[in-house]
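Enquirer: This is the structure I have questions about; it appears just below.
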Amino acid sequence: MAWLGAAAGWLLAVVLIALGGAGIVTGMDGQVGPAARPELTSGGDSQLSPLLDGAETELTTLTADVEALGTRARGALGALNGGDLDTVEAAITDGDPIVARIVARTRRLTAALAALPILDTPTAGYAVSTAVRQRAARLTSAVDATRGLDAEWARLTTGALSAARLSSLLQAQVDAVVKAASLGRDGRYREAVSLLEDADRSIADARRLRDRLVATVDVSVLDEWLDRNEAYDTALRELYVALDGVGGRVTSKVRKAIAAEQAAKAGLPGDSRGLIVIMAEIGRGGMNEAVIAIEQARGRLADAVAPG
């Protein structure tokens with residue numbers, strides 16, 4: 001039975017050693033983490049903190065640029081909804097150099113953050129404090145928010161410039177018709193018909209632009225506008241051709257042409273509200289998404305540089 005006592009003694013010794021070892025390991029685990037042992041991370045933190053300070057300063061400037069771009073984007077969208085194309089173009093002109101600065105700063109910051117020492121090494125977990133590692137991650141994530149803003153601005157610009165181009169074409173058509181009507185009243189019918197060819201070209205160009213926009217924009221109002229104006233141009237031309245053929249005398253053919261011209265004229269839009277709707281629809285085809293993307297990037301940047 002002596003051997004049973006010896007075995008029990010050995011078992012007790014093993015248990016005690018195991019418990020003691022666990023206590024030692026547990027104690028060590030509570031001490032070696034970076035938060036508990038700042039002397040282990042002070043070197044890495046002191047090396048990284050000045051670099052992160054510089055990156056954060058640059059990020060603050062980048063945030064201001066994105067905020068300025070957002071102001072231009074919202075202004076352009078609001079002006080387009082109000083039909084103020086001059087303000088739209090001014091906002092785009094102001095925004096272009098801001099976008100260039102954002103792209104350049106994003107590249108510099110991305111390169112600087114990627115080149116930070118220690119963080120991508122196996123020793124980072126105990127050589128750099130949690131706070132510093134989290135700060136670096138926060139700044140990197142914020143810079144990522146600006147990627148693609150140049151493409152969003154290009155989308156906004158495309159929508160705005162398409163609206164401006166279409167507005168110019170529609171105005172050219174109206175101007176040509178007004179001048180043709182003035183010549184017609186003076187009996188200069190052939191000259192009037194020649195001017196109406198300019199109106200036809202403007203309508204044709206507007207339809208080609210419409211075909212490029214149809215995939216992203218509701219063109220129903222634009223289609224109605226073009227159809228009605230084209231119908232009036234055709235009726236006015238037929239009237240002047242009829243008058244020119246009889247030396248300006250009123251014949252039955254001329255009377256029919258006059259009636260057709262009056263009917264087409266009655267179908268023309270009474271004011272510019274329809275045109276404003278057209279411009280707004282074209283702009284919203286890309287501008288809303290661009291404004292949202294810029295605002296989201298601004299928010300992420302602002303959060304990254306906020307105190308605390």
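Enquirer: Report the net charge of residues surrounding K179, where surrounding means a beta-carbon distance below 13 angstrom and charges are Lys +1, Arg +1, Asp -1, Glu -1.
Expert: -4
Enquirer: Taking 7 Å along the Cα-to-C-beta vector as the label spot, tell me the S49-R185 distance in nanometres, rounded to one decimal.
Expert: According to this spin-label approximation, the distance is 8.1 nm.
Enquirer: Given a Förster distance of 45 angstrom, what is the FRET efficiency for T234 paired with D150, based on the Cβ-Cβ distance and rounded to 0.05?
Expert: Computed FRET efficiency for T234 and D150: 0.50.
Enquirer: Might you report the magnitude of the Cβ-based charge dipole of the chain about its Cα centre, with Lys and Arg at +1 and Asp and Glu at -1, to the nearest 20 debye?
Expert: Approximately 500 debye in magnitude.
Enquirer: Provide the packing ranking of 186-192, 88-94, 69-75, i.e. peptides ordered by the mean count of other C-beta atoms within 10 Å per residue, highest first.
Expert: Descending mean neighbour count gives 69-75, 88-94, 186-192.
Enquirer: Now for a different question. Taking a cut-off of 19 Å between Cα atoms, list the lysines near K179, but don't count ones fewer than 8 places away on the same chain.
Expert: Once the sequence-local lysines are set aside, what remains near K179 is K265.
Enquirer: Pick the calculated volume of the Cα convex hull per residue in Å³ for this structure from [x] 129; [y] 193; [z] 149?
Expert: It is the one labelled [y].
Enquirer: Between R107 and L161, what's the calculated FRET efficiency when r is the beta-carbon distance and R0 is 25 Å? Round to 0.05.
Expert: Using R0 = 25 Å, I get an efficiency of 0.40.
Enquirer: Follow-up question, since we're still on this one. Give me the net charge of V305's neighbourhood, meaning all other residues with Cβ under 12 Å from the Cβ of V305; Lys, Arg count +1, Asp, Glu -1.
Expert: Local net charge: -1.
Enquirer: Where does helix 252-266 land angle-wise versus the long Cα axis of the chain, in degrees 0 to 90, nearest 10?
Expert: Around 30 degrees separate the two axes.
Enquirer: Something else about it: Please give the peptides 120-133, 162-175 ranked by average Cβ packing (other Cβ atoms within 10 Å per residue), highest first, as a rough proxy for protection.
Expert: For the peptides 120-133, 162-175, the packing ranking is 162-175, 120-133.
Enquirer: Calculate for the chain the 222 nm mean residue ellipticity that helices alone would give, adding -39,500 (n - 2.57) per DSSP H run of length 4 or more and normalising by residue count, nearest 500 deg cm²/dmol.
Expert: Value at 222 nm, helices only: -29500 deg cm²/dmol.
Enquirer: Net charge near L243, counting Lys/Arg +1 and Asp/Glu -1 over other residues with Cβ under 14 Å of its Cβ?
Expert: Net local charge, L243 excluded: +3.
Enquirer: At a threshold of 8 angstrom on Cα-Cα distance, excluding pairs fewer than six apart, so keeping six or more, what relative contact order does the chain reach in percent?
Expert: 26
Enquirer: Evaluate the relative contact order of segment 165-285 (contact order divided by residue number), counting alpha-carbon pairs under 8 angstrom at least 6 apart; express in whole percent.
Expert: Relative contact order here is 29 percent.
Enquirer: A follow-up question, please. Could you work out how much longer the chain between N288 and R255 gets when fully extended? Use 0.36 nm per residue separation minus the Cα distance between them, nm to one decimal.
Expert: 6.9 nm
Enquirer: Over segment 63-134, what relative contact order in percent results from Cα pairs under 8 Å that are six or more residues apart?
Expert: Computed value for segment 63-134: 26 percent relative contact order.
Enquirer: Shifting gears a bit: Between R138 and T57, how many nm apart are label points set 7 Å from Cα along the C-beta direction?
Expert: Reported label-point gap for R138 and T57 is 1.9 nm.
Throughout, read-outs are computed from the coordinates displayed, never taken from laboratory work. All of these numbers come straight from a predicted model, not from anything done at the bench. Neighbour counts run over all protein chains shown; Cβ positions are idealised from the backbone, glycine included.
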